[in-house]
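Below is one structure; the comments refer to it alone.
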Amino acid sequence: MVCLVEEAVLKGHTGQVWSVDWCPTSKTLASTGQDKTVRLWRQEGGGWSNAVTLEGGHTRTIRQVAWSPCGRKIATASFDSTTCIWELKGDQWELETTLEGHENEVKSVAWSRDGDYLASCSRDKSVWIWDVMEDGEYECASVLQVHTQDVKRVMWHPSEATLLSVSYDDTIRVFREFADDWECTETLSGHSSTVWSLSFNKTGDKFVTCSDDRTLRVWCRDQDKYSCKSSICGFHPRPIYDVAWGSRYVATAGGDNGIKLFEAHGSSLLLAHSQPDAHNGDVNAVRWKGNLLASAGDDEVVRIWSLDVS
């Protein structure tokens, strides 16, 4: 039997919490949202506390937060059209730089696994790829304008310099570098409405997408091309806003206030657990850290869940 046990309810944000992300080098959780702050949470003395609050970098809602692979930098994407980079210097966090260029709300930001690239996407329909320089500078390597609508999320392959984006235009795009330039090499269709998010499995030979059409789709790679192998529907009665592929289960975040866990069997997903009313409002984000799952919701809180398999 599989279930989620609520370990903590983290309060501090004022307004919707849009994004959570675990530090890759420690058990520190970052969250961000409507209140324009980034909050870092740590487990201390058996409980969780708001150890650090980063503020002043953005003037509007922060839509997503992302840790760098080294765990010493944080990128934030904001509705104020900018991306901020925060760096840990000594024991203090400082605003390192603010990246400008997008013409509208920045919806997502993601580091490549080696930390050499940063990607951002926006309501302006573009995807930007930034070179991360050794001196702490960021240079725009490419502006990719292939989507026809708002771009919702960007995510890097877990081990390759391959970038994926999902959009309000119902498609997934795959970008690879050729001769020092980035090109869209694949356009994947299948969803009938906005694609909100995606997540790779550990090896990167599969990824899952979630959509406003209330379905999940599993995509598998064969000879450097991805194709949809299964569509999973009927489990969330409202849009699915986020998905996270963990070491054992795929977690989904729904507009029905619920979280669901699916077990991967080949190219399909089988429902393993339903957590109704996980939040008192839309669940906007889910992220795994081992057997811990963090979720963020419209109810202004972050929840920490532990996976119980008995």
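Which percent of Cα-Cα pairs in the stretch 133-192 sits in each 10 Å bin, short to long?
Percent of pairs per bin, in order: 20, 49, 26, 5, 0.
When the chain is treated as a GNM, springs tying every alpha-carbon pair under 10 Å, which of 75, 272, 66 comes out with the largest mean-square fluctuation?
Among 75, 272, 66, the largest GNM mean-square fluctuation belongs to 272.
Mind ordering 111-120, 230-239, 197-206 by average Cβ neighbours within 10 Å, highest first?
Ranking the peptides 111-120, 230-239, 197-206 by packing returns 111-120, 197-206, 230-239.
Which lysines, on any chain, are close to residue 36 with Cα under 27 Å apart, when same-chain ones fewer than 8 places away are left out?
Once the sequence-local lysines are set aside, what remains near residue 36 is 11, 27, 73, 89, 107, 125, 152, 289.
Amide H neighbours of residue 162 under 5 Å, counting only residues 5+ apart in sequence or on other chains, H built in-plane at 1.01 Å?
157
Taking only Cα atoms of the stretch 157-201, what ratio of Rg to Rh do you get with Rh as the Kirkwood inverse-distance radius?
1.01
Anyone know which of 37, 25, 61 comes out most mobile in the 10 Å Cα GNM of the chain?
25
Once the Cα atoms of the stretch 94-230 are picked out, what are the Rg and Dmax in Å?
Cα only, the stretch 94-230: 14.6, 45 Å (Rg, Dmax).
For the stretch 40-111, max minus min Cα coordinate along each principal axis, in Å, sorted largest first?
45, 22, 21
Apply the Karplus curve 6.51 cos²θ - 1.76 cosθ + 1.60, θ = phi - 60°, to the phi angles in the stretch 131-136 and return the couplings in whole Hz, x for Gly and Pro.
7, 8, 8, 5, 8, x
First check a/c for the stretch 227-310, with a ≥ b ≥ c the square roots of the eigenvalues of its C-alpha gyration tensor; if it is under 1.5, answer rounded, and if not, answer prolate when a/b is larger than b/c or oblate otherwise.
Oblate is the answer for the stretch 227-310, as a/c is 1.5 or above yet b/c matches or exceeds a/b.
Using 0.36 nm times the number of residues separating residue 135 and residue 185, minus their current alpha carbon distance, what extension gain do you get?
Here the segment from residue 135 to residue 185 would lengthen by 14.9 nm.
Can you list the residues, at least 5 places off or on another chain, whose amide H is less than 5 Å from the amide H of residue 300, using H built in the peptide plane?
Placed amide hydrogens put 17 under 5 Å from residue 300.
When the chain is treated as a GNM, springs tying every alpha-carbon pair under 10 Å, which of 124, 277, 222 comes out with the largest mean-square fluctuation?
In this elastic network of the chain, the residue with the biggest mean-square fluctuation among 124, 277, 222 is 222.
State, in angstrom, two size descriptors of the chain derived from its alpha carbons: Rg to one decimal place and Dmax to the nearest whole number.
Using the Cα atoms of the chain, the pair Rg, Dmax is 18.0, 52 Å.
Which of 209, 187, 163 sits farthest toward the positive end of the charge dipole of the stretch 151-220, with +1 on the Cβ of Lys and Arg and -1 on the Cβ of Asp and Glu?
209
Which whole-number percentage describes the relative contact order of the chain, with Cα contacts under 8 Å and a sequence gap of 6 or more?
Relative contact order comes out at 15 percent.
No lab work stands behind these numbers, since they all come straight from the coordinates. For clarity, every value in this text was computed on a predicted model and none was experimentally measured. Backbone-built Cβ (ideal geometry, glycine too); neighbour counts: all protein chains shown.
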